[in-house]
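Data first, discussion second: the structure below is written as structure tokens.
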Amino acid sequence: MLIDSYDRVVDYLRVSVTERCNFRCQYCMPEKPFSWVPKENLLSFEELFEFMKVAIDEGVKKIRITGGEPLLREDLDKFIKMIYDYEPSIDLAMTTNAFLLKGTAQRLKNAGLKRINVSIDTLKPEVAQAIAGKDVLKNVLEGVEEARKVGLKVKVNMVPMKNMNADEIVDVLEYCKERDMSVRFIEYMENKFAKADISGLKSPELLDILRQKFEFEDEGFDGSSPSHYYRMIDGYRFGIIEPYGDDFCKQCNRIRLTAEGNLIPCLYFDEAMSIAESIKRGDIKGAAAVLKEVVRTKPEKNRWGGEDDEASNRAFYETGG
Ligand SMILES: Nc1nc2c(ncn2[C@@H]2O[C@H](COP(=O)(O)OP(=O)(O)OP(=O)(O)O)[C@@H](O)[C@H]2O)c(=O)[nH]1
Ligand SMILES: C[S@@+](CC[C@H](N)C(=O)[O-])C[C@H]1O[C@@H](n2cnc3c(N)ncnc32)[C@H](O)[C@@H]1O
Ligand code: SF4
Ligand code: SF4
């Protein structure tokens, strides 16, 4: 079992398979194109899998494939099948923008993927275009329908922003509720790659808007999910992810692996250790030692909105959010 210095059990590995993305979301990516990490620096799926076996053997029970946009990486279904075949009981999930999901959902499901979290920030085509930098909404919504049809469990993430999509909070919730998909509203996290003038809605503002339309009760945190959950009278649950509080850090169970093989103890901080060398050498003991060291050095909590109002230097498209 992997246990950090604050007695937290680490059993959730988020794996970013690429930092590349077909969207340029205002809150995540710079507007101007930039140079990506060269493809030769990426670990192959076989190499990533070698490390994942180590992590599973050490006690990881939940694996999330993310990015950038994970569906941009070829043969993702084969990678998912490798993980599933090694340990079918793993909670095997993916976070995606869903643009390419219509043509891939069935293959991913057949390979062993159990559930997906999809970003839907708006239901208006022109707003989707403004946020993502291209006309994406039709593909996204078709991708979600296909995923549901093939039997993947779907959750939705929305980042509500003032003067952008804040007036659609109720609409997005209703869209999800009608389809029995849980929605989580994510407070915008400041980072140096986002468009400078974004102003995100904070939890009290979100709750005020939702209370005008719905009745619900505070359910608190659910296990180790970063989301604070609320339950409506009819049983429907929605969540709010509040990184500016650090409540969910107390039960943090996660580490992150980038496509280049950097193992990251905390989403907020720059620190990371590479497993690439050990894995390429076939040094499984070395990779396991790096994993244990990263878990040992996991910080207690983030510093978003701390005394100095700090913002993260980390790119979410690199770490996978
Ligand atoms: N500050 C902080 N935010 C996080 C962390 N994990 C997830 N988030 C935020 O929550 C967003 C949604 O996460 P998802 O990729 O959907 O994964 P998840 O919430 O772990 O998924 P579930 O297993 O379905 O609960 C991320 O993109 C981040 O914005 C974390 O460790 N710290
Ligand atoms: C980095 S993306 C990667 C997966 C996929 N491309 C997607 O968008 O779902 C993962 C999550 O990070 C969230 N995210 C990115 N930048 C963020 C920010 N500045 N604040 C809050 N959430 C952010 C997105 O909304 C998305 O739900
Ligand atoms: S949030 Fe996801 S879809 Fe949007 S730019 Fe970042 S990685 Fe791409
Ligand atoms: S900010 Fe760091 S410590 Fe807090 S939940 Fe996220 S990864 Fe864990």
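Brief remarks follow.
- With the charge dipole of region 190-321 set up from +1 on Lys and Arg Cβ and -1 on Asp and Glu Cβ about the Cα centre, the Cα lying farthest toward the positive end among the listed residues I279, I209, F269 is that of I279.
- Burial order of peptide ranges 310-319, 277-286 (average beta-carbon count within 10 Å, highest first): 310-319, 277-286
- Computed magnitude of the charge dipole of region 213-261 (debye, nearest 20; Cβ of K, R +1, Cβ of D, E -1): 200
- The calculated FRET efficiency for E219 paired with R281, based on their beta-carbon distance and R0 = 41 Å, is about 0.30.
- For the residue pairs K202/K250; K81/K195; K134/K155; K138/K250; K124/K298, the C-alpha atoms sit more than 32 angstrom apart in K81/K195; K138/K250; K124/K298.
- A cut-off under 11 angstrom between Cβ atoms defines the neighbours of K162, and their net charge, with Lys, Arg +1 and Asp, Glu -1, is -2.
- Computed Kirkwood radius, in angstrom, where 1/r is averaged over Cα pairs of region 192-308: 17.1
- Helix-derived mean residue ellipticity, 222 nm - over the chain, DSSP H n ≥ 4, -39500 (n - 2.57), to 500: -8500 deg cm²/dmol
- Length added when fully stretched, D234-R211, from 0.36 nm per residue minus Cα-Cα: 6.8 nm
- Relative contact order for the chain: 23 percent, from Cα pairs under 8 Å spaced at least 6 residues apart, divided by residue count.
- Segment Y6-E293, extension gain: residue separation times 0.36 nm, minus the distance between their alpha carbons: 101.9 nm
- Amide H to amide H distances under 5 Å link F216 with no residue, where only residues 5 or more positions off or on other chains count and H is placed in the peptide plane.
- Percent of beta bridges antiparallel (DSSP, region 12-319, rounded to nearest 5): 30
- Summing charges over neighbours of I3, with a neighbour being any other residue whose Cβ is under 12 Å away from its Cβ, gives 0 when K and R count +1 and D and E count -1.
- At full extension, E126 and K61 could sit 19.4 nm farther apart than now, given 0.36 nm per residue minus the alpha carbon distance.
- Here region 1-151 is assigned +1 on the Cβ of each Lys and Arg and -1 on the Cβ of each Asp and Glu. Its dipole about the Cα centre then comes out at about 540 debye.
- Principal axis dimensions, region 12-319 - Cα atoms, whole angstrom, descending: 58, 47, 41
- Cα shape, region 132-187, gyration tensor, a/c 1.5 rule: oblate
- Within the shell of other residues whose beta carbon sits under 13 angstrom from the beta carbon of F193, the net charge comes to +1, with Lys and Arg scored +1 and Asp and Glu -1.
- Prolate/oblate/rounded label for region 133-256 (Cα gyration tensor, a/c 1.5): rounded
- Placing +1 on each Lys and Arg Cβ and -1 on each Asp and Glu Cβ, with no other charges, gives the chain a dipole about its Cα centre of roughly 900 debye.
FYI, it's all coordinate maths here, none of it is from the lab. Since we're looking at a predicted model, the values are computed, not measured. Quick reminder, even Gly has a Cβ in these numbers, built from the backbone with ideal geometry, and neighbours come from all protein chains shown.
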